[in-house]
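*Asks:* Here's a structure for you.
The values are calculated or read from the model by the stated rules, or taken from the named source; none is laboratory data. As the structure is a prediction and not an experimental result, all values here were calculated from the model. Neighbour counts are summed over all protein chains in view; Cβ atoms, including those assigned to glycine, are modelled from backbone coordinates with ideal geometry. These accessible areas exclude ligands, DNA and RNA; they are computed on the full protein's heavy atoms, side chains included. Shrake-Rupley method; radii C 1.70, N 1.55, O 1.52, S 1.80 Å.
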Amino acid sequence: MKDLTLETLLAVFEEMFGPLLFWAMVAVAAIITITFVFVLIRDRSLEGRTLVRAELSAPIGALAAIWFVQFMTNSGYSDVGGPVDLFVLLLTGVAGAVGLTILVYTVLALLPGKHPRQN
Amino acid sequence: MGHPQNLTASRRAFLGFAAGGLALAGTSGQARAENVKTSAKIVILGAGAAGTALANRLADRLDGARITLVDGRKRHLYQPGFTLIGAGLKPANYSVSTTAQWLPRGIDWVDESAANIDPEARTVTTRGGKKLSYDFLVLATGLKLDWGAIEGFSLDMVGTNGLAAVYAGPEYAAKSWQAMDRFTDEGGIGLFTRPATEMKCAGAPLKYTFLTEDYATRKGSRGRIEINYAAHSGSLFSVPIVNEKVRMLFEQRGIDIAYDRVLKAIDPGRRIATFASPEGDVEMPYDFTNVIPPMVAPDVVRDSPLAVQSGQWLDQGWADVDKSTMRHIRYPEIFAIGDIAGVPKGKTAASVKWQVPVAEDHIVADITGTLSPAIYNGYTSCPMITRIGRAMLVEFDYDNNLTPSFPGVIAPLEELWVSWLMKEIALKATYNAMLRGKA
Ligand SMILES: Cc1cc2nc3c(=O)[nH]c(=O)nc-3n(C[C@H](O)[C@H](O)[C@H](O)COP(=O)(O)OP(=O)(O)OC[C@H]3O[C@@H](n4cnc5c(N)ncnc54)[C@H](O)[C@@H]3O)c2cc1C
């Protein structure tokens, strides 16, 4: 591939999902990340109990991400042919797991009454 | 890959300096950052992959240039999608968009085909009789599929009598799938061929062979099917290391190869294909075949003084350009990019992506009176599908070297799922980004 710059990558992703959907997804991801960072700063730490509860959702996130990739293509698990394939599949799962954990943690931490410094 | 644009700027600054003026060096540095002001008339023939990408890039870099794109085709076709359509994995409209939607603002689109080029007078005449004069002319007409060269065949037969023609267009690719689907249900002899001329995406005939075999295996009809591949020469693919890999895969998959057979006629009634071979004409039976005709330059180039004047491509008529700069050998203000260019290999959308910035840079350098160091090294890529869900990401250059984009990560000669994902998901997005001049 020639010149794999950030600009090229953004242009390719815009074409893949359509510019509206792509930037909406980027915005959603950014909002979740910012909110998560806000919660971290507010609480000054990761709240152990909330984190454990959030982590329960990790397998769902992993499966959802892998399912999404399978849904996008005419291929499946049986097509995994080399180490890099397995790596990509695992990476997809990890990304889904981490993503959903962060989302659930943020939501739980924002729910009224769940915030240790509140009252 | 390094960033050739930086390279260009610094090389050009250096050249400017060497030419005797710091001032010149300064302006050529700026030329990169700001748009180049010019009143040059640039005419581009063909609004396919190459012409559209170049028009967008030039419109981005030049201020005041009169860019005219000449193409009578209202539909833009994403041709790499034809293979997926022909395998029933995408609908026909997957490859179809409009020519207009990719064009930059501020350029003129003449929606007629070009009928005549006069490189001495520097004019192009369209089929409707419009005369366009130019300072720079870019040939991006793609190529002509010479269906007439296959005796007994006509496109209205596609989809019936076991006849496929994936190259003919999205609708024909969809009909080809109907024929392939039926064949892999019923069984019989599958016969696959490729022409002896230069061709676009030389991997596509092989991919379709692999896909047919894969369907038969998946459907459980493989035992009732015989698959023959008639190679036009003594090899399956021009890059020796890839050829050897494909030969091994064919052997594993039970696909038989007949070498030195060039398709010349079809008898749909008897289901017999006739091939020219060193031993004279040879007949081979089929129940399913994907007809791929000889490919030649469109008449407007082939019948012009711009075509090659000697050598192996004399009867194919490709534009006679320098293989590193894409500049015409005899007319320096003319360039050819994409399938029409008379360069070895290089007839893929992936090559277009590498050729377009080279031609662009030489045109802009000519306008600013500088020299461009931009060089095309023959890069071509072919996601060689070996079954639904797996492909080999084969990339190579003029010298038959493999040039993997992700060395050590994505092995070029390994059948991988990620390489399939590149073809199925990333390729069209990258192609579209290229059309907009952004990739
Ligand atoms: C079945 C198939 C599979 C392929 N698979 C791949 C792949 O996997 N990867 C890959 O990189 N490439 C692939 N390709 C090749 C790729 O599509 C072409 O190499 C690419 O489209 C070439 O771009 P181009 O601009 O030169 O020609 P085109 O995109 O064909 O455009 C040429 C344009 O010129 C116009 N034109 C013709 N004559 C005239 C005239 N006289 N005046 C004005 N305009 C004219 C035509 O109307 C057309 O719009 C495949 C092609 C096919 C057919």
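*Asks:* What's the total number of residues in segment B:82-113 that are of a type in the set (S, T, Y), away from the ligand (no atom under 11 Å from the Cβ) and within 14 Å of chain A (Cβ to nearest Cβ)?
*Replies:* 2
*Asks:* Oh, and also: Considering only residues that are among the aromatic types (F, W, Y) and open to solvent by less than 20 Å² (accessible area, probe 1.4 Å), which ones fall in segment B:330-353?
*Replies:* B:F335
*Asks:* Tally the residues that are out of contact with any strand residue (DSSP E or B) (no Cβ under 6 Å at 6 or more places or on another chain), away from chain A (no Cβ under 14 Å) and near the ligand (Cβ under 9 Å from one of its atoms), restricting the search to segment B:338-360.
*Replies:* Counting residues in segment B:338-360 that are out of contact with any strand residue (DSSP E or B) (no Cβ under 6 Å at 6 or more places or on another chain), away from chain A (no Cβ under 14 Å) and near the ligand (Cβ under 9 Å from one of its atoms) gives 3.
*Asks:* Of everything in segment B:384-399, what is more than 10 Å from chain A (Cβ to nearest Cβ) and open to solvent by 50 Å² or more (accessible area, probe 1.4 Å)? Give them in sequence order.
*Replies:* Selection gives B:D399 alone.
*Asks:* Suppose we keep only residues that are touching a residue at least 60 places away in the same chain (Cβ under 8 Å) and open to solvent by 10 Å² or more (accessible area, probe 1.4 Å) within segment B:315-329. Which one would you say is nearest to the other protein chains (Cβ to nearest Cβ)?
*Replies:* Out of the qualifying residues, it is B:K323.
*Asks:* Quick check on segment B:81-91. Is at least one of its residues open to solvent by 60 Å² or more (accessible area, probe 1.4 Å), assigned by TED's automatic domain parsing to the domain that holds B:K345 and without any contact (Cβ under 8 Å) to a residue 40 or more places away in the chain?
*Replies:* The answer is no, given that none of the residues of segment B:81-91 is open to solvent by 60 Å² or more (accessible area, probe 1.4 Å), assigned by TED's automatic domain parsing to the domain that holds B:K345 and without any contact (Cβ under 8 Å) to a residue 40 or more places away in the chain.
*Asks:* Identify all residues within segment B:195-236 that are open to solvent by 20 Å² or more (accessible area, probe 1.4 Å), under 29 Å from B:V296 (Cβ atoms) and among the charged types (D, E, K, R); write none if there are none.
*Replies:* Correct list: B:E198, B:K200.
*Asks:* Counting only residues that are surrounded by fewer than 17 Cβ atoms within 10 Å (Cβ to Cβ), in contact with a helix residue (DSSP H, G or I) (Cβ under 9 Å, 6 or more places away or on another chain) and in a loop (DSSP other than H, G, I, E, B), how many does segment B:139-163 have?
*Replies:* 3
*Asks:* Next question, about the same structure. Determine the pairs where a residue that is assigned by TED's automatic domain parsing to the domain that holds B:V138, located within segment B:345-357, has a partner that is among the basic types (K, R) and near the ligand (Cβ under 9 Å from one of its atoms) with Cβ atoms under 7 Å apart, the partner being 6 or more residues away or on another chain.
*Replies:* B:K347/B:K200; B:T348/B:K200
*Asks:* Keeping to segment B:100-120, report how many residues are open to solvent by 20 Å² or more (accessible area, probe 1.4 Å) and under 23 Å from B:G342 (Cβ atoms).
*Replies:* Result for segment B:100-120: 5.
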